[in-house]
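Q: Got a structure for you, questions after.
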Amino acid sequence: MDIIEAIQKRKSVRDFTNDKISKATIREILDIAGRAPSALNTQPWEFTVITEEVLDSVRNDVIKIFRAGRKPLSSISKIRWPLDSIYRNRQVGLAKQIYQLLDIKREDNEKRVQWMERGLRFFNAPAAVIICIDQKIDHERVLFDIGAVSQNICLASLHYGLGTCIEDQGVMYPEILRQHCSIPDSKKIIVAIAIGIPNWDYPANNLITPRASADKHITWCGFD
């Protein structure tokens with residue numbers, strides 16, 4: 001698979017098979033992903049990879065406190081899109097596509113909660129990569145770098161027949177991750193990436209999200 005094909009085929013995978021992913025494979029992916037650009041080659045990312053019993057413990061404890069009504073305490077501010085913007089419209093459009101594929105009705109609050117819990121469970125992936133930075137770093141200055149390494153993880157995973165989903169649900173309860181994964185308070189938890197072999201029988205994995213034409217985003221200057 002060449003780089004163009006990988007970019008075009010990458011998608012968010014929201015359900016996985018139970019097949020385990022070896023430590024060696026994930027290490028190769030992260031080693032390759034580390035070639036991502038970063039400001040002044042600072043390479044601010046740090047990875048915590050969780051699987052099996054540790055991942056199950058994280059899932060169980062997160063679901064417990066979520067059902068108990070505890071509000072998320074994410075390490076970074078949650079993005080809020082302006083209500084009258086194209087960005088909000090795209091967000092709503094994605095939700096409608098997913099809910100239609102999964103037959104989740106607007107008034108079905110129970111199924112909506114179940115969908116939220118799926119994200120909190122890392123979409124049933126056999127492994128997850130938690131990306132952190134040092135607390136001394138202003139996270140707004142390095143989010144570009146974190147985005148670059150995250151994309152590299154997703155693209156490199158395709159080479160190994162794996163799917164991924166970049167998700168903030170996986171880090172909404174950082175205290176649980178710190179407890180089970182020994183992530184110290186000196187590290188800021190930024191985002192999670194679920195990784196594994198996609199379950200293509202799951203309806204939401206058939207979703208192909210639309211993209212605006214490049215012409216919608218380009219202002220040409222100095223071209224004939």
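The values are calculated or read from the model by the stated rules, or taken from the named source; none is laboratory data. The structure displayed is predicted, hence computed values, not measured ones. Here the Cβ is made from the backbone with ideal geometry for all residues, glycine too, and neighbour counts use every protein chain on show. These area figures cover heavy atoms from the full protein model, side chains too; ligands, DNA and RNA do not enter into them. Shrake-Rupley method; radii C 1.70, N 1.55, O 1.52, S 1.80 Å.
Q: Go through the range 136-175 residue by residue and tally those that are over 21 Å from Ala36 (Cα atoms) and either surrounded by fewer than 21 Cβ atoms within 10 Å (Cβ to Cβ) or of a type in the set (S, T, N, Q) (or both).
A: Selection size over the range 136-175: 3.
Q: May I ask you to list the residues in the range 147-163 that are part of a helix (DSSP H, G or I), in contact with a strand residue (DSSP E or B) (Cβ under 8 Å, 6 or more places away or on another chain) and within 14 Å of Arg27 (Cβ to Cβ)?
A: Scanning the range 147-163 gives Ile153, Ser157.
Q: From the residues in the range 167-199 that are within 18 Å of the chain's Cα centre (by Cα) and in a loop (DSSP other than H, G, I, E, B), which one is nearest to Arg10 (Cα to Cα)?
A: Ile197
Q: Something else now. Just the residues that are in a loop (DSSP other than H, G, I, E, B), open to solvent by 100 Å² or more (accessible area, probe 1.4 Å), at pLDDT 80 or above and in contact with a Phe, Trp or Tyr (Cβ under 7 Å, 6 or more places away or on another chain), please, taken from the range 63-90.
A: Scanning the range 63-90 gives a single hit, Trp81.
Q: State the number of residues belonging to the range 20-32 that are touching a strand residue (DSSP E or B) at 6+ places or on another chain (Cβ under 9 Å), part of a helix (DSSP H, G or I) and hydrophobic (A, V, I, L, M, F, W, C).
A: So the count comes out to 3.
Q: Also, quick follow-up: When the range 190-206 is examined, which residues are found to be farther than 19 Å from Gln151 by Cβ and at pLDDT 95 or above?
A: Ile197, Asn199, Trp200, Asp201, Tyr202, Pro203, Ala204, Asn205 - these are the residues of the range 190-206 that are farther than 19 Å from Gln151 by Cβ and at pLDDT 95 or above.
Q: Let me ask you something else. Considering each residue of the range 96-131, count those that are touching a Leu at 6+ places or on another chain (Cβ under 9 Å) and among the aromatic types (Phe, Trp, Tyr), and give that number.
A: Summing the residues that are touching a Leu at 6+ places or on another chain (Cβ under 9 Å) and among the aromatic types (Phe, Trp, Tyr) in the range 96-131 gives 2.
Q: Then there is this: Among the residues of the range 1-42, write down those that are surrounded by 15 or more Cβ atoms within 10 Å (Cβ to Cβ) and among the polar types (S, T, N, Q).
A: Selection gives Ser12, Thr17, Thr25, Ser38.
Q: Same structure again: Within the range 92-135, restricting attention to residues that are of a type in the set (D, E, K, R) and part of a helix (DSSP H, G or I), which residue is most open to solvent (accessible area, probe 1.4 Å)?
A: Of everything passing the filter in the range 92-135, Lys96 is most open to solvent (accessible area, probe 1.4 Å).
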